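A.B. asks: Pasting a structure below so you can have a look.
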Amino acid sequence: MGFERIGSEDIWEGKIAKVRVDTFRYDDGEEAEREIVSHPGAVTILPFDGQSIWLVRQPREPVGEQSLLELPAGKLDEEGEEPEATARRELAEEIGKGARDWRHLVTFYNSPGLLTEEHHLFLATGLYDQSAESGEEERIAIVAALKPVDEVFLEESLEQKRAYISHYRADILVMGDDWTGKFDAMSDLCKVHYLPRTPAISTTALIEKISGVHG
């Protein structure tokens, strides 16, 4: 079914986005109003150095996250700047890296029922150091700890962790930082790393859900 826009009223405008109410008429004659948030669009970068995917942690106040783990990204807020150029700039500003090879993976809409935001995802490889100032105050922690894995296995009990590591010949044991020091005894079998927890994600709850599916 087709439609046409027959009216538009601006409701509010901020620094990044603005809100309007548009009226549409459909082929069957029916009319409807839609609340629309206009956004300039954005880019997200998947930076891969051959071993690690580089991520950032930063506060995301709208969703109540103190330290959300995410890919480097940024708005298309420079007039006339192409998406790839924005991606190159954001990569340098957010993680202090440049990339020799760029590949556009996909363009998509984040939430087309409400937002006009069009999002462009790029793969960046051949990374090298290249810093740039964003001109904005950003509270970002850089993370280069997400690595490809060869195998994932279900752990049913903390008490059996040593047996799992031995059986699967694991190279690295990664635990949340609330366990810091408690698994150092495993260092005779593999490397032990403690990473900051991602808020709102419970490993225990995930294990219980997975156990229920496979039980």
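The values are calculated or read from the model by the stated rules, or taken from the named source; none is laboratory data. Here the structure is a predicted model, which means the values were calculated and not measured. Neighbour counts run over all protein chains shown; Cβ positions are idealised from the backbone, glycine included.
A.B. asks: ILE53: over 16 Å from GLY74 (Cα atoms), surrounded by fewer than 17 Cβ atoms within 10 Å (Cβ to Cβ), of a type in the set (A, V, I, L, M) and within 28 Å of the chain's Cα centre (by Cα), yes or no?
C.D. replies: yes
A.B. asks: Would you call GLU4 among the acidic types (Asp, Glu), part of a strand (DSSP E or B) and either touching a residue at least 60 places away in the same chain (Cβ under 8 Å) or in contact with an Asp or Glu (Cβ under 8 Å, 6 or more places away or on another chain) (or both)?
C.D. replies: It is false that GLU4 is among the acidic types (Asp, Glu), part of a strand (DSSP E or B) and either touching a residue at least 60 places away in the same chain (Cβ under 8 Å) or in contact with an Asp or Glu (Cβ under 8 Å, 6 or more places away or on another chain) (or both).
A.B. asks: Among the candidates THR180, THR204, single out the residue that is modelled with pLDDT under 85 and not acidic (Asp, Glu).
C.D. replies: Unique residue meeting the criteria: THR204.
A.B. asks: Right, something else. Exactly one of (1) closer than 17 Å to SER111 by Cα; (2) in the same structural domain as HIS120 (by TED's automatic domain parsing); (3) of a type in the set (A, V, I, L, M, F, W, C) is unmet by ILE16. Its number?
C.D. replies: With (1) closer than 17 Å to SER111 by Cα; (2) in the same structural domain as HIS120 (by TED's automatic domain parsing); (3) of a type in the set (A, V, I, L, M, F, W, C) applied to ILE16, the lone miss is (2).
A.B. asks: Here are some residues: LYS97, LYS75. Which one is closer than 30 Å to VAL21 by Cα and not assigned by TED's automatic domain parsing to the domain that holds ALA17?
C.D. replies: LYS75
A.B. asks: While we're looking at this one, here's another question. Of the conditions (1) surrounded by 14 or more Cβ atoms within 10 Å (Cβ to Cβ); (2) farther than 27 Å from LEU121 by Cβ; (3) hydroxyl-bearing (Ser, Thr, Tyr), TYR26 fails just one. Which one is it?
C.D. replies: (1)
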